[in-house]
(Lines give C-alpha, C1' and ligand atoms only; values in the text may rest on other atoms or scores of the structure.)
Protein backbone atom coordinates (compact mmCIF):
# COMPACT_ATOMS: atom_id res chain seq x y z
CA UNK A 1 0.00 0.00 0.00
CA UNK A 2 1.36 3.46 -0.81
CA UNK A 3 2.35 5.16 2.45
CA UNK A 4 1.55 8.74 1.48
CA UNK A 5 -1.93 8.48 -0.04
CA UNK A 6 -5.41 8.89 1.39
CA UNK A 7 -7.25 6.08 3.20
CA UNK A 8 -11.02 5.78 2.83
CA UNK A 9 -12.07 4.04 6.03
CA UNK A 10 -15.61 3.18 4.79
CA UNK A 11 -16.24 2.38 1.14
CA UNK A 12 -19.09 0.07 0.19
CA UNK A 13 -18.70 -2.52 -2.55
CA UNK A 14 -18.17 -0.65 -5.82
CA UNK A 15 -18.64 -3.26 -8.57
CA UNK A 16 -20.88 -2.26 -11.51
CA UNK A 17 -23.67 -4.67 -10.54
CA UNK A 18 -24.09 -2.73 -7.30
CA UNK A 19 -25.91 -0.01 -9.22
CA UNK A 20 -28.97 -2.27 -9.41
CA UNK A 21 -28.70 -3.13 -5.71
CA UNK A 22 -28.64 0.51 -4.65
CA UNK A 23 -31.46 1.45 -7.01
CA UNK A 24 -33.61 -1.30 -5.52
CA UNK A 25 -32.83 -0.26 -1.95
CA UNK A 26 -33.63 3.40 -2.58
CA UNK A 27 -36.86 2.53 -4.37
CA UNK A 28 -37.92 0.26 -1.50
CA UNK A 29 -37.35 2.89 1.19
CA UNK A 30 -38.38 5.98 -0.72
CA UNK A 31 -35.64 7.94 1.05
CA UNK A 32 -33.83 10.79 -0.69
CA UNK A 33 -30.30 9.37 -0.49
CA UNK A 34 -28.05 10.49 -3.34
CA UNK A 35 -25.52 8.20 -5.02
CA UNK A 36 -22.78 9.03 -7.50
CA UNK A 37 -23.73 8.19 -11.09
CA UNK A 38 -21.20 10.16 -13.13
CA UNK A 39 -18.96 7.63 -14.93
CA UNK A 40 -15.67 9.01 -13.61
CA UNK A 41 -16.77 8.71 -9.98
CA UNK A 42 -19.22 5.82 -9.88
CA UNK A 43 -19.33 2.02 -9.92
CA UNK A 44 -16.52 0.23 -11.72
CA UNK A 45 -14.43 -2.93 -11.70
CA UNK A 46 -11.39 -3.31 -9.48
CA UNK A 47 -8.84 -2.37 -12.14
CA UNK A 48 -10.66 0.85 -12.94
CA UNK A 49 -10.99 1.67 -9.26
CA UNK A 50 -7.23 1.24 -8.72
CA UNK A 51 -6.56 3.54 -11.68
CA UNK A 52 -8.95 6.11 -10.19
CA UNK A 53 -7.28 5.79 -6.79
CA UNK A 54 -3.85 6.30 -8.34
CA UNK A 55 -5.06 9.39 -10.18
CA UNK A 56 -6.58 10.90 -7.02
CA UNK A 57 -3.84 9.90 -4.60
CA UNK A 58 -5.90 7.36 -2.67
CA UNK A 59 -3.79 4.58 -1.20
CA UNK A 60 -6.43 2.24 0.20
CA UNK A 61 -10.13 1.56 0.62
CA UNK A 62 -11.56 -0.29 3.63
CA UNK A 63 -14.75 -2.17 2.76
CA UNK A 64 -17.39 -3.43 5.21
CA UNK A 65 -17.43 -7.17 4.60
CA UNK A 66 -19.86 -9.88 5.67
CA UNK A 67 -21.58 -13.07 4.62
CA UNK A 68 -24.60 -12.64 2.36
CA UNK A 69 -27.36 -14.82 3.82
CA UNK A 70 -30.25 -16.13 1.70
CA UNK A 71 -33.62 -14.42 1.46
CA UNK A 72 -32.34 -10.87 1.76
CA UNK A 73 -34.69 -7.91 1.53
CA UNK A 74 -33.77 -5.06 -0.88
CA UNK A 75 -32.88 -2.79 2.05
CA UNK A 76 -30.61 -5.22 3.92
CA UNK A 77 -27.10 -3.89 4.49
CA UNK A 78 -25.47 -7.17 3.48
CA UNK A 79 -26.38 -6.42 -0.15
CA UNK A 80 -24.14 -3.35 -0.31
CA UNK A 81 -21.25 -4.86 1.67
CA UNK A 82 -18.47 -6.96 0.19
CA UNK A 83 -18.22 -10.69 0.84
CA UNK A 84 -15.15 -12.57 2.05
CA UNK A 85 -14.75 -14.01 -1.45
CA UNK A 86 -14.74 -10.47 -2.87
CA UNK A 87 -11.94 -9.46 -0.50
CA UNK A 88 -9.97 -12.63 -1.13
CA UNK A 89 -10.03 -11.87 -4.86
CA UNK A 90 -9.23 -8.18 -4.42
CA UNK A 91 -6.33 -9.02 -2.11
CA UNK A 92 -4.78 -11.37 -4.65
CA UNK A 93 -5.25 -9.02 -7.59
CA UNK A 94 -4.34 -5.74 -5.84
CA UNK A 95 -2.58 -6.47 -2.54
CA UNK A 96 -2.62 -3.63 -0.06
CA UNK A 97 -5.17 -1.50 -1.90
CA UNK A 98 -8.43 -3.06 -0.67
CA UNK A 99 -8.98 -4.06 2.95
CA UNK A 100 -11.98 -5.39 4.82
CA UNK A 101 -13.61 -4.67 8.16
CA UNK A 102 -15.74 -7.60 9.27
CA UNK A 103 -19.35 -6.50 9.83
CA UNK A 104 -20.73 -8.34 12.85
CA UNK A 105 -24.28 -9.47 13.56
CA UNK A 106 -24.77 -9.09 17.33
CA UNK A 107 -27.82 -11.37 17.23
CA UNK A 108 -25.73 -14.45 16.51
CA UNK A 109 -24.24 -15.03 19.95
CA UNK A 110 -20.97 -16.86 20.43
CA UNK A 111 -21.10 -18.28 16.89
CA UNK A 112 -20.84 -14.75 15.54
CA UNK A 113 -17.99 -13.93 17.91
CA UNK A 114 -16.06 -17.00 16.73
CA UNK A 115 -16.66 -16.00 13.11
CA UNK A 116 -15.38 -12.49 13.78
CA UNK A 117 -12.21 -13.84 15.39
CA UNK A 118 -11.67 -16.17 12.43
CA UNK A 119 -12.13 -13.35 9.92
CA UNK A 120 -9.46 -11.33 11.68
CA UNK A 121 -7.02 -14.07 10.67
CA UNK A 122 -7.52 -13.12 7.00
CA UNK A 123 -4.67 -10.94 5.71
CA UNK A 124 -7.04 -8.24 4.52
CA UNK A 125 -9.12 -7.86 7.72
CA UNK A 126 -8.20 -4.77 9.74
CA UNK A 127 -11.23 -4.09 11.99
CA UNK A 128 -14.65 -5.12 13.19
CA UNK A 129 -17.68 -3.10 12.14
CA UNK A 130 -21.40 -2.84 12.70
CA UNK A 131 -24.24 -1.46 10.64
CA UNK A 132 -25.87 -0.29 13.85
CA UNK A 133 -29.40 0.37 12.67
CA UNK A 134 -29.88 -3.10 11.22
CA UNK A 135 -29.98 -4.48 14.78
CA UNK A 136 -31.53 -1.65 16.84
CA UNK A 137 -28.94 -2.09 19.59
CA UNK A 138 -27.16 0.80 21.26
CA UNK A 139 -23.37 0.68 21.33
CA UNK A 140 -23.49 -0.23 25.03
CA UNK A 141 -25.79 -3.22 24.46
CA UNK A 142 -24.46 -6.43 26.07
CA UNK A 143 -24.49 -8.25 22.71
CA UNK A 144 -21.63 -6.04 21.47
CA UNK A 145 -19.29 -6.50 24.42
CA UNK A 146 -17.83 -9.86 23.30
CA UNK A 147 -16.90 -8.23 19.97
CA UNK A 148 -15.22 -5.35 21.78
CA UNK A 149 -13.27 -7.94 23.76
CA UNK A 150 -12.08 -9.52 20.49
CA UNK A 151 -10.94 -6.08 19.31
CA UNK A 152 -9.04 -5.59 22.56
CA UNK A 153 -7.33 -8.97 22.21
CA UNK A 154 -6.49 -8.47 18.53
CA UNK A 155 -5.58 -4.76 18.72
CA UNK A 156 -8.04 -3.74 16.00
CA UNK A 157 -10.60 -0.91 15.98
CA UNK A 158 -14.37 -1.19 16.06
CA UNK A 159 -16.22 0.97 13.50
CA UNK A 160 -19.89 1.77 14.07
CA UNK A 161 -22.49 3.69 12.10
CA UNK A 162 -23.51 6.58 14.34
CA UNK A 163 -26.29 9.10 13.93
CA UNK A 164 -29.56 8.76 12.10
CA UNK A 165 -30.41 5.77 9.94
CA UNK A 166 -30.25 6.41 6.21
CA UNK A 167 -33.22 4.10 5.67
CA UNK A 168 -36.51 3.30 7.40
CA UNK A 169 -35.00 1.90 10.60
CA UNK A 170 -34.92 3.18 14.17
CA UNK A 171 -32.23 5.81 14.73
CA UNK A 172 -31.96 6.10 18.53
CA UNK A 173 -29.56 3.16 18.69
CA UNK A 174 -27.05 5.25 16.73
CA UNK A 175 -26.84 8.05 19.30
CA UNK A 176 -23.09 8.72 19.73
CA UNK A 177 -23.31 8.87 23.53
CA UNK A 178 -23.91 5.12 23.45
CA UNK A 179 -20.15 4.66 23.10
CA UNK A 180 -19.59 6.25 26.52
CA UNK A 181 -19.62 3.04 28.61
CA UNK A 182 -17.82 0.83 26.07
CA UNK A 183 -15.03 3.41 25.77
CA UNK A 184 -14.66 3.37 29.56
CA UNK A 185 -14.76 -0.43 29.79
CA UNK A 186 -12.38 -1.02 26.87
CA UNK A 187 -9.82 1.81 26.96
CA UNK A 188 -7.52 -0.16 24.64
CA UNK A 189 -10.13 -0.40 21.86
CA UNK A 190 -10.19 2.35 19.24
CA UNK A 191 -13.84 3.17 18.48
CA UNK A 192 -14.78 5.02 15.29
CA UNK A 193 -18.12 6.84 15.26
CA UNK A 194 -19.03 7.06 11.60
CA UNK A 195 -21.22 9.29 9.43
CA UNK A 196 -20.19 12.38 11.52
CA UNK A 197 -22.83 11.33 14.10
CA UNK A 198 -25.40 13.51 12.31
CA UNK A 199 -27.78 14.90 13.52
CA UNK A 200 -25.92 14.52 16.84
CA UNK A 201 -22.64 15.95 15.56
CA UNK A 202 -21.92 17.88 18.76
CA UNK A 203 -22.53 14.73 20.78
CA UNK A 204 -20.12 12.75 18.59
CA UNK A 205 -17.49 15.48 18.94
CA UNK A 206 -18.00 15.43 22.72
CA UNK A 207 -17.25 11.69 22.80
CA UNK A 208 -14.12 12.14 20.66
CA UNK A 209 -12.91 14.95 22.92
CA UNK A 210 -13.66 13.03 26.11
CA UNK A 211 -12.00 9.74 25.20
CA UNK A 212 -8.49 9.17 23.80
CA UNK A 213 -9.83 5.99 22.16
CA UNK A 214 -12.88 7.47 20.37
CA UNK A 215 -12.57 8.85 16.83
CA UNK A 216 -14.97 10.49 14.40
CA UNK A 217 -15.40 9.54 10.74
CA UNK A 218 -16.90 11.57 7.89
CA UNK A 219 -18.30 8.88 5.58
CA UNK A 220 -21.48 9.55 3.53
CA UNK A 221 -21.23 13.34 4.06
CA UNK A 222 -19.23 15.30 1.46
CA UNK A 223 -17.20 18.23 2.78
CA UNK A 224 -19.69 20.87 1.64
CA UNK A 225 -22.20 19.34 4.06
CA UNK A 226 -19.88 19.34 7.08
CA UNK A 227 -21.09 21.68 9.81
CA UNK A 228 -18.86 24.60 10.87
CA UNK A 229 -18.55 22.85 14.25
CA UNK A 230 -17.15 19.71 12.60
CA UNK A 231 -14.72 21.67 10.41
CA UNK A 232 -13.49 23.56 13.47
CA UNK A 233 -13.00 20.27 15.34
CA UNK A 234 -11.04 18.71 12.45
CA UNK A 235 -8.85 21.79 12.26
CA UNK A 236 -8.21 22.22 15.97
CA UNK A 237 -8.95 19.93 18.92
CA UNK A 238 -9.77 16.98 16.67
CA UNK A 239 -6.93 17.26 14.19
CA UNK A 240 -5.69 13.79 15.24
CA UNK A 241 -9.14 12.32 15.93
CA UNK A 242 -10.93 12.37 12.56
CA UNK A 243 -10.92 9.98 9.59
CA UNK A 244 -11.95 10.62 6.00
CA UNK A 245 -14.47 8.28 4.42
CA UNK A 246 -16.88 8.35 1.53
CA UNK A 247 -19.51 5.72 2.17
CA UNK A 248 -19.27 5.20 -1.59
CA UNK A 249 -21.47 5.37 -3.64
CA UNK A 250 -23.25 8.02 -1.57
CA UNK A 251 -20.11 10.11 -2.00
CA UNK A 252 -17.59 9.50 -4.77
CA UNK A 253 -13.86 9.81 -4.20
CA UNK A 254 -13.39 12.46 -6.87
CA UNK A 255 -16.42 14.33 -5.55
CA UNK A 256 -15.20 14.29 -1.93
CA UNK A 257 -11.59 15.20 -2.60
CA UNK A 258 -12.62 17.97 -5.00
CA UNK A 259 -14.67 19.63 -2.26
CA UNK A 260 -12.06 19.24 0.47
CA UNK A 261 -10.13 22.30 -0.66
CA UNK A 262 -13.19 24.46 -0.01
CA UNK A 263 -13.50 23.87 3.74
CA UNK A 264 -10.26 25.54 4.80
CA UNK A 265 -8.28 22.81 6.53
CA UNK A 266 -4.73 23.41 7.66
CA UNK A 267 -1.94 21.21 6.30
CA UNK A 268 -1.59 19.12 9.46
CA UNK A 269 -5.33 18.62 9.85
CA UNK A 270 -5.73 17.64 6.20
CA UNK A 271 -2.84 15.17 6.30
CA UNK A 272 -4.17 13.50 9.45
CA UNK A 273 -7.75 13.43 8.15
CA UNK A 274 -6.86 11.86 4.82
CA UNK A 275 -4.56 9.13 6.08
CA UNK A 276 -2.38 9.83 9.08
CA UNK A 277 -5.06 9.13 11.66
CA UNK A 278 -6.40 6.11 9.77
CA UNK A 279 -2.96 4.52 9.77
CA UNK A 280 -2.79 4.93 13.55
CA UNK A 281 -6.31 3.64 14.14
CA UNK A 282 -6.14 0.75 11.67
CA UNK A 283 -2.76 -0.49 12.83
CA UNK A 284 -2.81 -3.49 10.48
CA UNK A 285 -2.63 -1.30 7.39
CA UNK A 286 0.75 -1.64 5.74
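Could you grab me the full set of residues in the stretch 176-215 that are closer than 24 Å to residue 65 by Cβ and in a loop (DSSP other than H, G, I, E, B)?
Within the stretch 176-215, 186, 188, 189, 190, 213 meet the criteria.
Tell me yes or no: at least one residue of the stretch 52-62 is under 19 Å from the mean Cα position of the chain (by Cα), under 30 Å from residue 112 (Cβ atoms) and either surrounded by fewer than 18 Cβ atoms within 10 Å (Cβ to Cβ) or modelled with pLDDT under 95 (or both).
Looking through the stretch 52-62, none of the residues is under 19 Å from the mean Cα position of the chain (by Cα), under 30 Å from residue 112 (Cβ atoms) and either surrounded by fewer than 18 Cβ atoms within 10 Å (Cβ to Cβ) or modelled with pLDDT under 95 (or both).
Does residue 239 satisfy the criteria of being part of a helix (DSSP H, G or I), free of Cβ contacts under 8 Å to residues at least 40 places away in the same chain and either in contact with a strand residue (DSSP E or B) (Cβ under 8 Å, 6 or more places away or on another chain) or surrounded by fewer than 24 Cβ atoms within 10 Å (Cβ to Cβ) (or both)?
no
State whether the residues of the stretch 177-186 include one that is farther than 18 Å from residue 233 by Cβ and touching a strand residue (DSSP E or B) at 6+ places or on another chain (Cβ under 7 Å).
Looking through the stretch 177-186, at least one residue is farther than 18 Å from residue 233 by Cβ and touching a strand residue (DSSP E or B) at 6+ places or on another chain (Cβ under 7 Å).
Could you please find all residues in the stretch 123-143 being surrounded by 24 or more Cβ atoms within 10 Å (Cβ to Cβ), in a helix (DSSP H, G or I) and out of contact with any helix residue (DSSP H, G or I) (no Cβ under 8 Å at 6 or more places or on another chain)?
If the condition is that a residue be surrounded by 24 or more Cβ atoms within 10 Å (Cβ to Cβ), in a helix (DSSP H, G or I) and out of contact with any helix residue (DSSP H, G or I) (no Cβ under 8 Å at 6 or more places or on another chain), then no residue fits.
How many residues are under 20 Å from residue 278 (Cβ atoms), part of a loop (DSSP other than H, G, I, E, B) and under 17 Å from the mean Cα position of the chain (by Cα) if we restrict to the stretch 67-122?
3
State the number of residues belonging to the stretch 148-175 that are assigned to a helix (DSSP H, G or I) and either without any contact (Cβ under 8 Å) to a residue 40 or more places away in the chain or crowded, with 23+ Cβ neighbours inside 10 Å (or both). Give the steps one after another, and end with the answer.
First, pick out the residues of the stretch 148-175 that are assigned to a helix (DSSP H, G or I): 148-154, 172-174.
Now narrow it down to the ones that are either without any contact (Cβ under 8 Å) to a residue 40 or more places away in the chain or crowded, with 23+ Cβ neighbours inside 10 Å (or both): 149-154, 172, 174.
The total comes to 8.
The values are calculated or read from the model by the stated rules, or taken from the named source; none is laboratory data. Note that the structure is predicted; figures quoted are calculated from it, not measured. Don't worry about glycine lacking a Cβ; one is built from the backbone with ideal geometry, like all the others, and counts go over all protein chains shown.
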